[in-house]
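Shown next, in structure tokens, is the structure this report addresses.
The values are calculated or read from the model by the stated rules, or taken from the named source; none is laboratory data. Everything numeric in this text was worked out from a predicted model, so none of it was measured. Counting neighbours? That spans all protein chains shown, and the Cβs are built from the backbone with ideal geometry, glycine included. The area values use the complete protein model at the heavy-atom level, side chains included, leaving out ligands, DNA and RNA. Shrake-Rupley method; radii C 1.70, N 1.55, O 1.52, S 1.80 Å.
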Amino acid sequence: MSIVAAKSDRSNSSVWVAFILIILGTLGAYHVVGTTQALLFLIGGALGMTLYHASFGFTSSWRVFLNERRGRGLRAQMIMLAVAVLLFFPALGAGELFGNPVKGNVNPVSISVMIGAFIFGIGMQLGGGCASGTLYTVGGGSARMVVTLIFFCLGSLIATSHLDWWFNLPHLAPISLVHSLGVIPALVLNLVIFSIIAAITIYVEKKRHGQLESEPETKQRGFRRFLRGPWPLVWGGIILTLLNFATLALAGRPWGVTSALAVWAAKTASFVGVDVASWAYWQQASNAKALTQSLWFDVTSMMNFGIMLGALLAASLAGKFAPNLNIPKRSLLAAVLGGLMLGYGARLAYGCNIGAYFSGIASGSLHGWLWLVFAFIGNSVGVKLRPTFFPNEKPLPTKLSGC
């Protein structure tokens, strides 16, 4: 059997595996918890499919801009954020959405956010993905990213063992631009900043290359393109925003990722005899509940499972599900180190590229902007370190990916 035929057979089989698991997960969430949890699990699946088919990678977008001065990915992020604030700010200002109370991801402006985001940024480039990128590339069949995910969880757990020390460093109370300035002024301010960032990427890209990079062409059209991809990058960002808004409506708070990874690691550690329940972090009411309850009840965990299964389905439909266990030693080491930094940094910074950056800025939280600045600085350091671990890496000026 040829390699192409083997990949095709594997992808065809995994389509059915992904589809069956999504059905079982939806029915299980409905039976154990209820309709809302089942819908959130399906939203996770849609997020995974969108991330994979649109190749919406935060890590690669930043690396391409830093290395190649191509800003298509960053501009797509600014469009995504612009749509997000237009949807989120009025709802958060009112405090309710469709009659249900909602609350944004608004966290302290602190030293721990600066340091955590910086560490996370380095981890993005070494680990090969951000939080969402790690999940969807794992679902898409990347064996290397499974290693990153395992150590992402471990790094998260290590941080929870002494997180109170970090949170007691100098900090300001949570600052919501929506509540401090009002909905309209906060909208105007954010839209102006998004426009400035997009304009800077246009200027820099034209200065380096003379013209802006265009969207890669594809032979896929219509419904076939919807099923098999690739999707336009901008449309991917808009769909992610709509799904995040649906999460806000159903869960009462925006999309997050990394809190669940700490829970997974803590449950595993407890199972092997580590008394994590005695740690201050796990004695807080919400964290203690997550530690003791079944994962069926944890919204973030269920959405994360959905993301991985959605990406598995997308990769299978695209005929690209083909796990490769041949991981170079340096790349494997980078996955270990990057994963630890991703997990540790995310806990210090009150979230990742989703919870702190995407959902943080969409919530009007000033800490989201602080996260962006220091994570970008961390990425610039990570990009400089990559040649040590990926000596034969080629630049990615045209096609972005999760890693």
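Some points to look at:
- Just one of the listed residues (SER142, SER180, SER132, SER176) is of a type in the set (Gly, Ala, Ser), open to solvent by 10 Å² or more (accessible area, probe 1.4 Å) and within 18 Å of the chain's Cα centre (by Cα), and it is SER142.
- Selected residue [within 30 Å of ILE23 (Cα to Cα), among the hydroxyl-bearing types (Ser, Thr, Tyr) and touching a residue at least 60 places away in the same chain (Cβ under 8 Å)] from SER301, SER316, SER365: SER316
- Residue tally, condition open to solvent by 10 Å² or more (accessible area, probe 1.4 Å) and out of contact with any Pro (no Cβ under 7 Å at 6 or more places or on another chain), over the stretch 102-129: 8
- Yes/no for PHE389 being open to solvent by 50 Å² or more (accessible area, probe 1.4 Å) and touching a helix residue (DSSP H, G or I) at 6+ places or on another chain (Cβ under 7 Å): no
A quick yes/no check of all residues on (1) assigned to a helix (DSSP H, G or I); (2) among the acidic types (Asp, Glu); (3) surrounded by 12 or more Cβ atoms within 10 Å (Cβ to Cβ):
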| residue | (1), (2), (3) |
| --- | --- |
| ASP164 | yes, yes, yes |
| LYS206 | yes, no, yes |
| GLN220 | no, no, yes |
| ILE239 | yes, no, yes |
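- Every residue from the stretch 279-318 that is open to solvent by less than 50 Å² (accessible area, probe 1.4 Å) and of a type in the set (Ser, Thr, Tyr): TYR281, THR300, SER301, SER316
- When the stretch 42-63 is filtered for residues that are open to solvent by 10 Å² or more (accessible area, probe 1.4 Å) and of a type outside the set (D, E, K, R), the ones remaining, listed by number, are LEU42, ILE43, GLY45, ALA46, MET49, TYR52, SER55.
- Restricting the stretch 184-199 to residues that are open to solvent by 60 Å² or more (accessible area, probe 1.4 Å) and either in contact with a Phe, Trp or Tyr (Cβ under 9 Å, 6 or more places away or on another chain) or touching a residue at least 24 places away in the same chain (Cβ under 8 Å) (or both) leaves a set whose member that is farthest from ASN107 (Cα to Cα) is SER195.
A quick yes/no check of all residues on (1) modelled with pLDDT of 95 or more; (2) touching a Phe, Trp or Tyr at 6+ places or on another chain (Cβ under 7 Å):
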residue: PHE120; (1), (2): yes, no
residue: GLY123; (1), (2): yes, no
residue: LEU126; (1), (2): yes, yes
residue: CYS130; (1), (2): no, yes
residue: GLY182; (1), (2): yes, no
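- Selection count where residues are surrounded by fewer than 22 Cβ atoms within 10 Å (Cβ to Cβ) and either without any contact (Cβ under 8 Å) to a residue 12 or more places away in the chain or over 17 Å from the mean Cα position of the chain (by Cα) (or both), scope the stretch 375-386: 7
- Once the stretch 349-371 is narrowed to residues that are within 18 Å of ILE239 (Cα to Cα) and not β-branched (Val, Ile, Thr), the residue that is nearest to the chain's Cα centre (by Cα) is ASN353.
- Residue satisfying all of: in the stretch 328-362; touching a Phe, Trp or Tyr at 6+ places or on another chain (Cβ under 7 Å) and of a type in the set (Ser, Thr, Tyr); farthest from ALA82 (Cα to Cα) among these: SER331
- Conditions (1) farther than 17 Å from TRP255 by Cβ; (2) crowded, with 16+ Cβ neighbours inside 10 Å; number of the one not met by SER359: (1)
- Residue that is surrounded by the most Cβ atoms within 10 Å (Cβ to Cβ), among those in the stretch 14-41 that are touching a residue at least 24 places away in the same chain (Cβ under 8 Å) and closer than 24 Å to ALA322 by Cα: ALA18
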